[in-house]
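Report on the structure given below.
The values are calculated or read from the model by the stated rules, or taken from the named source; none is laboratory data. What you see is a predicted model, and the numbers here were worked out from it, not measured in a lab. Reconstructed Cβ throughout: ideal geometry from the backbone, glycine too, with neighbour counts over all protein chains shown. The accessibility values were calculated without ligands, DNA or RNA, using every heavy atom of the protein model including side chains. Shrake-Rupley method; radii C 1.70, N 1.55, O 1.52, S 1.80 Å.
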Amino acid sequence: MSILQTIKSRFATALEPLTDDVGPLLDMIRSSQDAKFGDFQANCAMSLSKQLGKPPRDIATDIVAMLDVSDFCEPPEIAGPGFINLKLKDAWICERADAIAGDDRLGVEPVAEPKHVVVDFSSPNVAKPMHVGHLRSSVIGDAICRTLKFAGHKVTSDNHIGDWGTQFGMIIYGYRNFVNEAAYAEDAVGELARLYKLVNQLSDYHAAKTKLPVLQQKATQLQAELQQSTADADPADKKANRKLKSQQKGVKDTLDAIKSAEEKIAELDTDAERLALANAHPDIAKLARLETSKLHAGDADNQQLWSQFLPACLTALDRVYQQLNVEFDLTLGESYYNPMLADVVSSLKDKDLARDSDGAVCVFVEGHNAPFIVQKTDGAYTYATTDLATIQYRVNELKADEILYVVDKRQSEHFNLLFQTCERWGFQNLKCQHVSFGTVMGPDGKPFKTRSGDNVGLESLIDEAISRAGQIVAENDDNKPGGPVLSAAQRAEVAEIVGVGGIKYADLHHSRDSDYEFQWEKMLATTGDTATYMQYAFARICGIFREVGVERRSLTESAGNLMLTCPEERALALQLIQFDQAIEGVLNDYRPHVMTSWLFETANKFSSFYGNPNCSVKNASSEEIKASRLILCDLMARALKTGLSLLGIETAEVM
RNA sequence: GCCCCGAUAGCUCAACUGGAUAGAGCAGCCGCCUUCUAAGCGGCAGGUUGCAGGUUCGAUCCCUGCUCGGGGUACCA
């Protein structure tokens with residue numbers, strides 16, 4: 001039983017005479033925010049006050065009188081309005097720490113009722129280069145999978161790739177008309193990416209050409225209206241003010257659209273060769289769409305091209321996943337579900353969930369204005385249909401108990417509709433959750449867009465991170481007191497571990513809901529609250545063992561004599577025996593940043609320990625204390641390594 | 001128009017879902033390498049939590065109104 005559970009069970013006994021429902025009160029027991037208040041605090045007395053009609057401090061006194069924790073706590077203290085503060089006995093902390101000292105799971109018991117969880121994450125569109133926006137889903141999803149597995153659940157990670165969308169029509173069109181055979185033979189994916197970009201650019205050019213006059217006219221009109229409203233404006237009239245604001249925004253949006261269209265036109269007008277291409281393919285957008293429809297309808301030539309392109313695209317994705325050390329149990333893309341879509345629609349119709357509306361087949365969900373469209377007017381299916389088919393497959397074939405979707409929060413309405421439709425469709429026992437995350441913003445404060453050209457590519461980000469880490473590794477190694485200790489191969493290995501770990505950590509340590517601003521320096525930082533800090537702490541512990549001449553592994557058998565001789569040791573041990581709370585915190589609402597915080601705090605406490613000469617391991621005042629500190633260090637190393645590994649971040653023994 | 005979400009230190013973000021004096025990291029300033037890796041440690045400074053009310057023992061968190069910003073809103077995925 002974990003420490004918190006132990007404390008809660010004692011409180012349950014003490015609280016029972018006072019109230020019928022102890023559950024919510026037990027949730028008010030937590031570790032203290034500030035060490036000076038002790039180790040744990042219970043805030044239940046205050047909330048009972050009203051219910052019992054007594055002053056909270058009196059209630060706290062009553063609770064303490066009933067509370068029996070003397071076997072592992074100092075006498076409880078009542079403070080402030082009625083907080084009950086607990087301080088663990090040192091001997092008890094040692095006992096707990098000794099108990100997990102030889103344990104690779106650090107005291108975390110596997111869950112009593114394992115579930116089968118399918119985690120749907122990453123899900124890039126193939127044949128388009130991945131950019132930093134794709135990082136979040138991959139990294140968060142991977143961390144969740146690892147943590148669920150560690151906790152004892154059965155996990156299936158599934159990369160629901162976009163391998164059936166409109167981009168294939170564009171590539172097919174590009175391949176037929178613009179392919180450079182030599183380049184394709186040399187680097188198929190690079191050439192396909194070029195073709196995608198080219199077709200996109202030419203389509204955008206024509207679209208911009210047609211849109212521009214319309215936009216200009218609209219802008220003139222809106223500006224005139226705005227001028228009129230400004231002239232009429234009554235500053236006291238709130239409604240008018242609001243209208244004015246919205247008009248101003250309308251003008252600004254239109255002007256932005258004009259600017260963007262002009263840029264797209266200018267891009268080609270300065271490039272005679274491209275311009276000629278554009279003029280030779282005036283209907284390129286329509287024709288590319290047609291290729292997609294033909295593909296979906298089973299056209300043999302297009303299907304042949306599709307199956308020729310796909311493996312190359314998957315290889316390109318694999319390269320990135322390999323660098324990121326992210327693995328999938330399944331990669332079932334949208335195309336896999338294509339044969340099931342017609343049945344999904346007819347099943348929805350049979351159950352009276354879906355009906356025709358304006359020529360499309362829709363499911364209407366209460367509370368939502370927009371319908372869930374499962375088949376378009378032209379007969380094509382949508383991603384809504386695919387998602388339903390996917391759920392059906394995951395429940396019927398994979399026997400999933402729960403599905404997690406690690407997807408951008410902007411799609412929350414889609415998932416709302418999906419989950420509600422799904423429940424009415426007959427999957428009442430399935431638990432679905434949209435594990436949403438915020439948008440990665442550009443330096444301009446606007447989201448990275450999937451279609452615009454100049455996003456920071458994921459591969460170049462990773463390469464840059466490794467190369468910068470390499471410089472830092474070399475610099476630090478060169479400056480070591482006794483001279484460099486790393487071989488060239490070791491330096492390269494450490495650079496990769498530090499570089500990739502840094503990128504992942506930079507993403508994971510944000511609360512997943514919030515948007516965050518992408519900054520090169522932050523992604524590549526190696527000081528402060530970064531993966532490097534933890535990795536460095538780990539390497540320093542390994543250094544202690546090297547220095548003292550003891551194998552870490554040899555300690556796992558001889559554990560059992562931990563002593564707390566200074567405050568730093570106590571703080572460290574107390575932190576380490578609460579690893580299970582970090583795991584629980586992550587899985588409670590799938591928030592990996594709970595783990596990053598725990599790791600940072602832990603490493604922080606270690607660094608204080610390490611930096612204090614009174615806590616020296618090598619020069620400990622007795623052999624017993626030295627042995628005790630070695631046990632603590634080993635526990636620390638194991639905690640850091642395990643915690644980081646659950647985030648998909650590696651460690652190095654020397655750096 | 002309707003529906004969501006956000007606003008916290010100069011910057012980037014936390015705050016265990018209503019708890020004690022709102023915390024970190026960067027950036028800035030001051031100390032610490034003949035002693036286990038200075039990618040570090042110790043310290044200083046930095047705040048009317050967007051604004052105005054309300055709810056209660058207690059509010060960054062819940063309610064109302066306002067200001068600013070973002071997202072979504074019938075056939076893109």
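Structure data summary
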{"item": "Spatial separation of Cα centroids for the stretch A:469-507 and the stretch A:80-158, in angstrom", "result": "27 Å"}
{"item": "Cα-centred dipole magnitude for chain A, charges only on beta-carbon of K, R (+1) and D, E (-1), debye, nearest 20", "result": "1060 debye"}
{"item": "For A:R105, distant residues with modelled amide H under 5 Å away", "result": "none"}
{"item": "Placed amide H near A:K89: partners under 5 Å, 5+ positions off or other chain", "result": "A:C73, A:E74"}
{"item": "Approximate spin-label separation A:K431-A:L52, in nm, with each point projected 7 Å along Cα-to-Cβ", "result": "3.3 nm"}
{"item": "Between 0 and 90°, nearest 10: helix A:531-548 axis offset from chain A longest Cα axis", "result": "40 degrees"}
{"item": "Peptides A:527-534, A:377-384 ordered by average Cβ neighbours within 10 Å, highest first", "result": "A:527-534, A:377-384"}
{"item": "Backbone N within the stretch A:189-221 under 12 Å of label point (7 Å from A:A266 Cα along the Cβ vector)", "result": "none"}
{"item": "Cα long-axis angle, helix A:623-646 against chain A (0 to 90 degrees, to the nearest 10)", "result": "20 degrees"}
{"item": "13 Å reach of a label modelled at A:E402, 7 Å along Cα-to-Cβ, counting backbone N of the stretch A:587-618", "result": "A:587-591"}
{"item": "Percent of C-alpha pairs per 20 Å bin, chain A, short to long", "result": "15, 39, 32, 13, 0"}
{"item": "Percent accessible area from carbon and sulfur atoms, the stretch A:281-343, protein chains only, probe 1.4 Å", "result": "51 percent"}
{"item": "Equivalent ellipsoid semi-axes, the stretch A:310-460, via Cα gyration tensor eigenvalues times 5, rooted, Å", "result": "30, 20, 16"}
{"item": "Qualifying aspartates and glutamates (Cα of each under 14 Å from Cα of A:K87; at least 8 residues distant if same chain)", "result": "A:D34, A:D39, A:D68, A:D71, A:E74, A:E77"}
{"item": "Helix-derived mean residue ellipticity, 222 nm - over chain A, DSSP H n ≥ 4, -39500 (n - 2.57), to 500", "result": "-19500 deg cm²/dmol"}
{"item": "P(r) histogram, all alpha-carbon pairs of the stretch A:325-377 included - 5 Å bins from 0, percent", "result": "5, 17, 21, 19, 13, 10, 7, 6, 2, 0"}
{"item": "Principal axis dimensions, largest first and in whole angstrom, of the stretch A:166-307 by Cα", "result": "68, 35, 24"}
{"item": "Pairs of alpha carbons in the stretch A:3-88 whose separation is greater than 17 Å (percent)", "result": "38 percent"}
{"item": "Label zone at A:L290 (point 7 Å along Cα-to-Cβ), backbone N below 16 Å, the stretch A:169-197", "result": "A:169-178"}
{"item": "Nearest-ten-degree value, helix A:56-66 long axis tilted from longest Cα axis of chain A", "result": "60 degrees"}
{"item": "Highest average packing first - A:84-95, A:69-80, Cβ atoms within 10 Å", "result": "A:84-95, A:69-80"}
{"item": "Whole-Hz ³J(HN,Hα) from phi, Karplus 6.51 cos²θ - 1.76 cosθ + 1.60, for the stretch A:360-376, glycine and proline x", "result": "9, 9, 10, 9, 9, 10, 4, x, 10, 6, 7, x, 8, 8, 9, 8, 7"}
{"item": "Ratio of Rg to Rh over the stretch A:493-566 (Cα coordinates, Kirkwood Rh, two decimals)", "result": "1.14"}
{"item": "Cα-derived Rg over Rh, computed across the stretch A:463-513 with Rh taken as Kirkwood radius", "result": "1.12"}
{"item": "Inverse of mean 1/r across different Cα pairs in the stretch A:103-172, Kirkwood, Å", "result": "14.2 Å"}
{"item": "Å² of accessible area per residue within the stretch A:458-646, as computed with a 1.4 Å probe and no ligands counted", "result": "43 Å²"}
{"item": "Distance in nm between pseudo-label sites at A:Q5 and A:K115 (7 Å out along the Cβ direction from Cα)", "result": "1.8 nm"}
{"item": "Dimensionless Rg ratio for the stretch A:458-646, taking C-alpha atoms and the 2.2 N^0.38 Å reference", "result": "1.09"}
{"item": "Highest to lowest packing among A:284-296, A:496-508, A:566-578, scored as the average C-beta count within 10 Å", "result": "A:496-508, A:566-578, A:284-296"}
{"item": "Listed pairs A:K154/A:K409; A:K245/A:K446; A:K218/A:K286; A:K128/A:K349 exceeding 29 Å between Cα atoms", "result": "A:K128/A:K349"}
{"item": "Whole-percent pair-distance distribution, where bins are 10 Å wide, for the alpha carbons of the stretch A:10-168", "result": "9, 24, 20, 20, 15, 8, 3, 0"}
{"item": "Residues of type lysines that A:K243 reaches as a straight line, Cα spacing below 17 Å, ignoring anything fewer than 8 places off in the same chain", "result": "A:K252"}
